[in-house]
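The values are calculated or read from the model by the stated rules, or taken from the named source; none is laboratory data. Please read all numbers here as calculations on a predicted model, not as lab measurements. All Cβ positions, glycine included, derive from the backbone under ideal geometry; neighbour counts span all protein chains shown.
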Amino acid sequence: MSDLLRLAMIMPFLLNRFLKESSLKNNEAATIRQRIDVARISLVLKAIISCWVQVAKTMKAVFNKEFTLDSYEELQLCLKEEFLILPKVFASFVNLPNIHINMHLLMHAKTFGTLVNSQVGIKEMVHHIFKGMVPKINCKTIDLDSVLNGSGQFG
């Protein structure tokens with residue numbers, strides 16, 4: 001189990017135990033309160049904790065070593081909920097490319113069978129796959145495959 005997953009799993013417990021209204025800056029608490037549309041500051045604390053709960057659930061789903069049809073559905077639901085809650089609590093997450101890329105993790109889990117190496121960039125994963133294929137085939141076959149699959153210059 002990765003250290004990041006462990007941290008994400010214990011973070012809601014730590015926040016629940018130690019996060020107080022006085023821990024937040026007044027303007028930041030007011031901003032979050034406005035974004036999540038609640039009346040009391042105490043509900044902001046619950047929103048922050050629930051955000052971390054969702055992050056922990058998502059990370060647990062992402063770092064599964066085996067996937068079943070039910071776990072794909074769970075992963076999709078977790079990613080969708082995380083995508084919705086993170087920008088509400090953390091405004092700086094709105095335009096991050098990593099948040100958008102997370103929506104593609106389900107496709108990669110179905111394609112590659114696991115997301116254990118998801119800390120590696122998606123481009124690196126694809127590059128590694130193609131790098132492993134190149135010594136086994138020649139350039140003429142690659143060009144022919146590109147044309148036939150419609151992914152080359154002529155497709």
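Quick one: which of ILE36, ILE41, ILE32 is touching a Phe, Trp or Tyr at 6+ places or on another chain (Cβ under 9 Å) and either closer than 13 Å to VAL89 by Cα or modelled with pLDDT under 90 (or both)? Steps first, please.
Working: ILE36 fails: touching a Phe, Trp or Tyr at 6+ places or on another chain (Cβ under 9 Å); ILE41 fails: touching a Phe, Trp or Tyr at 6+ places or on another chain (Cβ under 9 Å).
Exactly one residue qualifies, and that residue is ILE32.
I'd like to verify a number: residues in segment 54-85 that are polar (S, T, N, Q) and touching an Asp or Glu at 6+ places or on another chain (Cβ under 8 Å), how many? Steps first, answer last, please.
Residues of segment 54-85 that are polar (S, T, N, Q), as a first pass: 54, 58, 64, 68, 71, 76.
Okay, now just the ones that are also touching an Asp or Glu at 6+ places or on another chain (Cβ under 8 Å), so 54, 58.
Number satisfying all stated conditions: 2.
Matching residues to (1) exposed (fewer than 12 other Cβ atoms within 10 Å of the Cβ); (2) in contact (Cβ under 8 Å) with a residue 60 or more places away in the chain; (3) among the hydrophobic types (A, V, I, L, M, F, W, C):
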| site | (1), (2), (3) |
| --- | --- |
| LYS20 | yes, no, no |
| ALA29 | no, no, yes |
| LEU45 | no, no, yes |
| ILE49 | no, no, yes |
| LYS88 | no, no, no |
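Any chance you could count how many residues in segment 9-18 are surrounded by 13 or more Cβ atoms within 10 Å (Cβ to Cβ) and out of contact with any Phe, Trp or Tyr (no Cβ under 7 Å at 6 or more places or on another chain)?
Let us first name the residues in segment 9-18 that are surrounded by 13 or more Cβ atoms within 10 Å (Cβ to Cβ), namely 9, 11-13, 15-16.
Those still in the list that are out of contact with any Phe, Trp or Tyr (no Cβ under 7 Å at 6 or more places or on another chain) too: 9, 13, 16.
So the count comes out to 3.
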So GLU81, is it at pLDDT 70 or above, farther than 23 Å from LEU4 by Cβ and assigned to a helix (DSSP H, G or I): no
Total residues in segment 54-68, condition surrounded by fewer than 20 Cβ atoms within 10 Å (Cβ to Cβ) and either more than 13 Å from the chain's Cα centre (by Cα) or modelled with pLDDT under 85 (or both): 6
